[in-house]
Amino acid sequence: MAMALVEAAIVIYLRAIYYADDPLRIFPLRLLSNEHLLLEFAREAATLAMLLAVAATGTTGCRRRFAAFVFLFGVWDLAYYGWLRLFVGWPLSWLEWDLLFLIPWPWLGPWISAALVALLFAAWGGYALVIERDPVFDRWSVALFCSGALFVLGAFLAPAWPQLLEGREAVAGFVPNSFAWGVYATGLLGMIAGLVRSALRTRS
């Protein structure tokens, strides 16, 4: 949660620089400078490295480390939106669009779509860490979770793809107008099914 506050502060500063006229509206998109874009790539990679490091050192075993990582990821993402709401009053609505991530190209979607994934991760990861038995990822659990994750990822990456085909400059001024809710919902249900199946198939 503390790291989420640091990230929220950085985003607030970036909005003050690039959206000084209205920091609560990030669409139409405005391009970051090359230096700031590179720094943002590095910051996002560093965030993942920190989450992985805490998960790896906080517990033992591959299954529990995975549970720790998704728990940390979920809490971090939910806290990030909580800090933004507290300090600047954003998001303004449940379906407010957000620039979710930048690696390998912009992830776009309503913030609630990312928050629901984070809620799933925090709930399942917390449960898996509290119980004394490790979750079991059989073939079906892995297939359901991974295929679901690909569907969700596709829904996030799809909005910016047509603009990127025209070049980076085409992203400037982009305003998303539709989100693949069907693809996203299918993916989210697959992820839920995979994680629930793994939680039900535990071992001492």
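The values are calculated or read from the model by the stated rules, or taken from the named source; none is laboratory data. It should be emphasised that the depicted structure is a prediction, and the values quoted were computed from it without experimental measurement. Here Cβ is always computed from backbone atoms with ideal geometry, including for glycine, and neighbour counts include all displayed protein chains.
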Checklist entry - Looking at V183, V130, V152, V171, which is the one that is out of contact with any helix residue (DSSP H, G or I) (no Cβ under 7 Å at 6 or more places or on another chain) and either closer than 22 Å to E44 by Cα or without any contact (Cβ under 8 Å) to a residue 40 or more places away in the chain (or both)? => result V130
Next on the checklist: without any contact (Cβ under 8 Å) to a residue 40 or more places away in the chain, assigned to a loop (DSSP other than H, G, I, E, B), among the hydrophobic types (A, V, I, L, M, F, W, C) and more than 23 Å from V142 (Cα to Cα): is that true of L32 in this structure?
Outcome noted: yes
Next on the checklist: Looking at the range 14-31 only, could you name the residues that are within 16 Å of L102 (Cβ to Cβ) and within 20 Å of the chain's Cα centre (by Cα)?
Outcome noted: L14, R15, I26, F27, L29
Checklist entry - Which members of the range 174-204 meet the condition of being crowded, with 17+ Cβ neighbours inside 10 Å, modelled with pLDDT of 90 or more, out of contact with any Gly (no Cβ under 8 Å at 6 or more places or on another chain) and among the small types (G, A, S)? => result S198
Checklist outcome for this item: Per the list (1) at pLDDT 95 or above; (2) under 30 Å from L24 (Cα atoms), residue check on A160 breaks on (1)
Item to check | Matching option when the condition is closer than 30 Å to G173 by Cβ, modelled with pLDDT of 95 or more and either among the polar types (S, T, N, Q) or loosely packed, with under 14 Cβ neighbours inside 10 Å (or both), among Y80, Y13 | outcome: Y13
Checklist entry - Does the range 110-133 contain at least one residue that is within 24 Å of V196 (Cα to Cα), surrounded by fewer than 18 Cβ atoms within 10 Å (Cβ to Cβ) and touching a strand residue (DSSP E or B) at 6+ places or on another chain (Cβ under 6 Å)? => result yes
Next on the checklist: Checking A53 against (1) modelled with pLDDT under 95; (2) over 26 Å from G182 (Cα atoms), only one condition comes out false. Which one?
Outcome noted: (1)
Next on the checklist: Yes or no: the range 91-99 includes at least one residue that is at pLDDT 95 or above, part of a helix (DSSP H, G or I) and under 20 Å from the mean Cα position of the chain (by Cα).
Outcome noted: no
Checklist outcome for this item: Heads up, the helices (runs of 4 or more DSSP H) in the range 109-204 (entirely inside) with at least 1 residues that are more than 18 Å from the chain's Cα centre (by Cα) and more than 28 Å from A4 (Cα to Cα) are 139-157, 161-165, 181-200
